[in-house]
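S.K.: One structure, as structure tokens, below. Some questions next.
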2 protein chains.
Amino acid sequence: MEAARCVTFGQYLRPHFYLLLLIFLRNGPHTVEGVWPLPQTFTSSIERSPLSPEAFYFEYGSQSAAQQGCSVLDAAFTRYFPLIFPDYTGNGVLRFYADKPFRLVITVDRDDCESYPNEDSSERYNLSVSARQASLNAETVWGALRGLETFSQLVYQDDFGSYFVNKTEIVDFPRFQFRGILLDTSRHYLPVKTILQTLDAMAYSKFNVFHWHIVDDPSFPYQSRTYPDLSSKGAFHPMTHIYTQSDVRRVISHARLWGIRVLPEFDSPGHTASWGKGQSDLLTPCYRGSSLSGTFGPVNPVLPSTYQFMARLFKEVSSVFPDSHIHLGGDEVNFSCWSSNPDIRAFMKKMGFGVDFTKIEAFYMENIVNITSALNKTAIVWQDVFDYHELRSSLSVVEVWKGGCYLCEVRRVAKAGLRVILASPWYLDQPGPTHNWARFYTVWPLAFKGTEEQKKLVIGGEVCMWGEYVDATNLTPRLWPRASAAAERLWSDEKQTSSADKAFPRFQDLRCKLVRRGIRAEPLYVGHCKHEYQGV
Amino acid sequence: MEAARCVTFGQYLRPHFYLLLLIFLRNGPHTVEGVWPLPQTFTSSIERSPLSPEAFYFEYGSQSAAQQGCSVLDAAFTRYFPLIFPDYTGNGVLRFYADKPFRLVITVDRDDCESYPNEDSSERYNLSVSARQASLNAETVWGALRGLETFSQLVYQDDFGSYFVNKTEIVDFPRFQFRGILLDTSRHYLPVKTILQTLDAMAYSKFNVFHWHIVDDPSFPYQSRTYPDLSSKGAFHPMTHIYTQSDVRRVISHARLWGIRVLPEFDSPGHTASWGKGQSDLLTPCYRGSSLSGTFGPVNPVLPSTYQFMARLFKEVSSVFPDSHIHLGGDEVNFSCWSSNPDIRAFMKKMGFGVDFTKIEAFYMENIVNITSALNKTAIVWQDVFDYHELRSSLSVVEVWKGGCYLCEVRRVAKAGLRVILASPWYLDQPGPTHNWARFYTVWPLAFKGTEEQKKLVIGGEVCMWGEYVDATNLTPRLWPRASAAAERLWSDEKQTSSADKAFPRFQDLRCKLVRRGIRAEPLYVGHCKHEYQGV
């Protein structure tokens, strides 16, 4: 047995050390460096234990608040077994070692097994791997899930297929609380199983929020109990291109078991063309001169019926989606239709808004925020709302999405005392130039002038996968592994993960792990994985 | 029954007619306009016949030179039945009509059933669809295959799932003889089934050449009988990342049944780093000053052993690949290693080449061309060889791949009396901006100043899918449907297919057809297909 080699990433590492690391990684990324996103602190050794799938046990620690029957962890054990032992067929042939048992003992402080993850959920965990046992301790089951993912990435196989794990000590926790991926199911419909597979892949990179941009101009696939016409008339197809209540429950349930929140977005008053097909009088009729043009604009903000409709819709949505937050959109409202409509103009005059259409937009959003607040939901809005809103104090969370100096906007929002989610640098829907993962990787969300308190208001970031050019045919290779670059920036210590060059071999290793798990993650450059993608 | 609506694309069509066409297509692209690439001439009618899968028969015409037992056509009937009737499960439930039989009668002039398609193969066909019968006539089985593809695209389903085909007359033939797709299996290994599926998709757009860039610097996956070390030492993995002789036969056989030639490329003297691992003394040892640097450059052009090796290798390759052509590469040779090597410099002096390294490169290529000519193979080379070669008359076919004024190069090659394949505008390996299919679509390969004779030397074009960023995870959505844009430019009448806007709805329809056939073709823009991709 060779001497232990200890690595603590918290301290300064000289360049030649990195070289050694790279050489080591090329010969087999069999240490904790192979974990993505990089844990906060760890000590690793080359002392390794063999693992046998037939003598490997998940166990609840005797002090654990959760015990057998804990839905989240029981399901996780079932899922992680084949992820830890990908070759294992259960036919008992693969007995390389004398099958001394190896126990992975999980202890959590709280029995939150039947709850949903939320914005305050601790994801912290400690993982200690020694000769015949690993101990995974966490405050919550969500933290235990993150630790299980880490453990699964620590296990490796030698050339003969035997499994090993190195002696390792890890203390880990996320840098940012909110680490999201947006999928757009309006511009193209995504089958439920595509969404479920994306949730799986999200968990492999420790993402914890699925931002479901479920409806938009082109289609309204959400099948509402209260307003079934919205999907029967507004979906691409009323039967095959919708999400039934059962579909939505399935997505939420699958996400919960991975410790992922489902954040629904019902974007208004713009981006609502499809809403109008199933709900008359909701959208603003546009005028050409003094007569109706026959086209419709954003939601009509002057009719009481609009708010009655929204109140009923959001009441339903609030009960269907358990998350404490809801995304209300509010982006890219085109004023030309509003300004053409005499009723809107009259209302604005009455309200003293003059010809400032941002005022009526703010008026509208204020009403919608009030509706969802009354339903105990915290609203998230796109930055547009913050930009034109005078009553900024009524806002809670602002998502920054525009390009240019996005950190200037982050700073403005934080200065106003509001929480910020950063999306601008992580728009992955356009394929863009090759190697652009490096650009996604080197984003500094807190590199703005501000107080510590203001920086704490930046709660995280999000990868946006808009749907103009994306559906189930190309979603996965466009999203993975590039999204994982953002995942590391959002989870890991920035100082330890600020070099794309250094990250590259680890990132290639992650990509092969994803492929091994059946995720069609695209290649980063020339080369190969031991196990290539086997589908067509 | 409504009056027949006749369309002949050979004549001038006024703009408002296109508008009508578009409206018609949106309501259901159920006519010959839905065929991609667009046939040369056709007449279509809205008079339609129902088709029942249980009363549909492929038949050999009584005058046909090929009859039952014709391997190419028998296999095609088996393949096309489920492509024509994608829903049909064979359980007999779908009997919507009184099952009057519909016969598709195929007559070919030549019994070339057991041959391989080659550069002279006629692909011309006539297809006449009437009430209860369709007649497909062709000179060769390859033409019959193209006609079967067209027929399969003419069949459509109504909202109840019933199948129909409209009365149609088509006379069709390719504009260019050579319509290729290059796949690169060296920078990433592509599993055989990925190649086979690509061949299927190629046939759906009437591509007829699979240019197999099988080896290159990063890996040598071709398992040679004569030199097994080339792959056992030069492949990414000697067992899992190779093409065995059996794999290669499978690819050639599958391609043949689709009427697709397999054009192997063994690129030298550059792009050969992987060759050197299994064949010592093949590559040029580079020097640093007066001592060996330990690295290697292009193939060593001064040793007799090089040509002995190449003669044996190409003898094998010529017997394995039945095509009359072989691609010898010859691109991007870096002279720095050659110029560092005293033996090369001495040889050049002896030969009177001075310090002009293009001369020794030409010398090398001349030798390789002679080797393959002696094996009765026509050589294709990349444009680099033409550019530096003084003995241009010894060349036959030049592939133009560089950017810039590629038509200037096409013109130069044609002026020299050599045949040209154009690849420059169809490099699809980089994802590039969205909507770039429109750029691929509007390429004018003959828009250079030249005589009719010179223009006839442009034998076709090729889509290149280099492998730096592409493997089985992302090949299909990156290739399809964009490659089909090139396919139409290479098959159809340029004058009838020169507007990307006009092509767009037809192209969307094609994309949905590909998805229906299980090809992960990516979306062109917002929207949906009736049958979305069902995999994950």
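The values are calculated or read from the model by the stated rules, or taken from the named source; none is laboratory data. Because the structure is a prediction, the values reported are computed rather than measured. Cβ sites come from the backbone with ideal geometry, for glycine too, and all protein chains shown count toward neighbours.
S.K.: Among the listed residues B:51, B:127, which satisfies the condition of being more than 28 Å from residue B:208 (Cα to Cα) and surrounded by 16 or more Cβ atoms within 10 Å (Cβ to Cβ)?
M.R.: B:51
S.K.: Continuing with this model, one more query. Please work out if residue A:324 is in contact (Cβ under 8 Å) with a residue 12 or more places away in the chain, under 23 Å from the mean Cα position of the chain (by Cα) and surrounded by fewer than 20 Cβ atoms within 10 Å (Cβ to Cβ).
M.R.: Yes; evaluated as a whole, the condition is true for this residue.
S.K.: Which residues, taken from the range A:340-375, are within 35 Å of the chain's Cα centre (by Cα), of a type in the set (Val, Ile, Thr) and crowded, with 17+ Cβ neighbours inside 10 Å?
M.R.: Residues satisfying the conditions are A:360, A:368, A:369, A:371, A:372.
S.K.: Okay, next question. With a cut-off of at least 2 residues that are crowded, with 21+ Cβ neighbours inside 10 Å, name the helices (runs of 4 or more DSSP H) lying wholly within the range A:414-527.
M.R.: Correct list: A:437-441, A:475-479, A:482-491, A:500-516.
S.K.: For the range A:453-493, enumerate the residues that are among the basic types (Lys, Arg) and within 14 Å of chain B (Cβ to nearest Cβ).
M.R.: Listed by number, the residues that qualify are A:478, A:482.
S.K.: In addition: Specify which of the listed residues (B:220, B:236, B:210) is closer than 30 Å to residue B:456 by Cα and aromatic (Phe, Trp, Tyr).
M.R.: B:210
S.K.: Can I ask one more? Looking only at the range B:494-536, which residues are away from every other protein chain (no Cβ under 13 Å) and more than 18 Å from residue B:149 (Cα to Cα)?
M.R.: Passing the criteria: B:494, B:495, B:496, B:497, B:498, B:499, B:500, B:501, B:502, B:503, B:504, B:505.
S.K.: Additional query: State all residues of the range A:325-353 that are among the small types (Gly, Ala, Ser) and closer than 30 Å to residue A:260 by Cβ; if no residue qualifies, say none.
M.R.: Within the range A:325-353, A:329, A:330 qualify.
Here's the yes/no breakdown for (1) aliphatic (A, V, I, L, M); (2) surrounded by fewer than 20 Cβ atoms within 10 Å (Cβ to Cβ):
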{"residue": "A:307", "(1), (2)": "no, yes"}
{"residue": "A:328", "(1), (2)": "yes, no"}
{"residue": "A:335", "(1), (2)": "no, yes"}
{"residue": "A:338", "(1), (2)": "no, no"}
{"residue": "A:377", "(1), (2)": "no, no"}
{"residue": "A:394", "(1), (2)": "no, yes"}
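S.K.: Could you grab the pairs with beta carbons closer than 6 Å, sequence gap of 6+ or different chains, first residue in the range B:56-83 and assigned to a helix (DSSP H, G or I), second one among the polar types (S, T, N, Q)?
M.R.: B:80/B:152; B:83/B:152
S.K.: Could you check, for the range B:186-198, whether at least one of its residues is within 15 Å of the chain's Cα centre (by Cα), modelled with pLDDT of 95 or more and closer than 22 Å to residue B:399 by Cβ?
M.R.: Taking every residue of the range B:186-198 in turn, at least one turns out to be within 15 Å of the chain's Cα centre (by Cα), modelled with pLDDT of 95 or more and closer than 22 Å to residue B:399 by Cβ.
S.K.: From the list A:333, A:317, pick out the single residue that is of a type in the set (A, V, I, L, M), assigned to a helix (DSSP H, G or I) and either modelled with pLDDT under 95 or in contact with a Pro (Cβ under 8 Å, 6 or more places away or on another chain) (or both).
M.R.: Exactly one of A:333, A:317 is of a type in the set (A, V, I, L, M), assigned to a helix (DSSP H, G or I) and either modelled with pLDDT under 95 or in contact with a Pro (Cβ under 8 Å, 6 or more places away or on another chain) (or both), namely A:317.
S.K.: Another question about this same structure. Name the residue, out of A:117, A:86, that is modelled with pLDDT under 95 and in contact with a strand residue (DSSP E or B) (Cβ under 9 Å, 6 or more places away or on another chain).
M.R.: A:86
S.K.: Shifting gears a bit: Aromatic (Phe, Trp, Tyr), closer than 19 Å to residue B:482 by Cβ and touching a strand residue (DSSP E or B) at 6+ places or on another chain (Cβ under 8 Å) - does that describe any residue in the range B:209-224?
M.R.: Yes, there is a match, as at least one residue in the range B:209-224 is aromatic (Phe, Trp, Tyr), closer than 19 Å to residue B:482 by Cβ and touching a strand residue (DSSP E or B) at 6+ places or on another chain (Cβ under 8 Å).
S.K.: I'd like to check something: does the range B:365-384 contain any residue that is in a helix (DSSP H, G or I) and aromatic (Phe, Trp, Tyr)?
M.R.: no
S.K.: How many residues, within the range B:68-89, are more than 28 Å from the chain's Cα centre (by Cα) and surrounded by fewer than 17 Cβ atoms within 10 Å (Cβ to Cβ)?
M.R.: Residues meeting the conditions: 3.
S.K.: Can you name the condition, by its number, that residue B:284 falls short on among (1) exposed (fewer than 15 other Cβ atoms within 10 Å of the Cβ); (2) hydroxyl-bearing (Ser, Thr, Tyr); (3) closer than 18 Å to residue B:234 by Cβ?
M.R.: Evaluating residue B:284 over (1) exposed (fewer than 15 other Cβ atoms within 10 Å of the Cβ); (2) hydroxyl-bearing (Ser, Thr, Tyr); (3) closer than 18 Å to residue B:234 by Cβ leaves (1) as the failure.
S.K.: Looking at B:225, B:187, can you tell me which residue is buried (at least 20 other Cβ atoms within 10 Å of the Cβ) and either closer than 15 Å to residue B:321 by Cβ or within 14 Å of chain A (Cβ to nearest Cβ) (or both)?
M.R.: B:187
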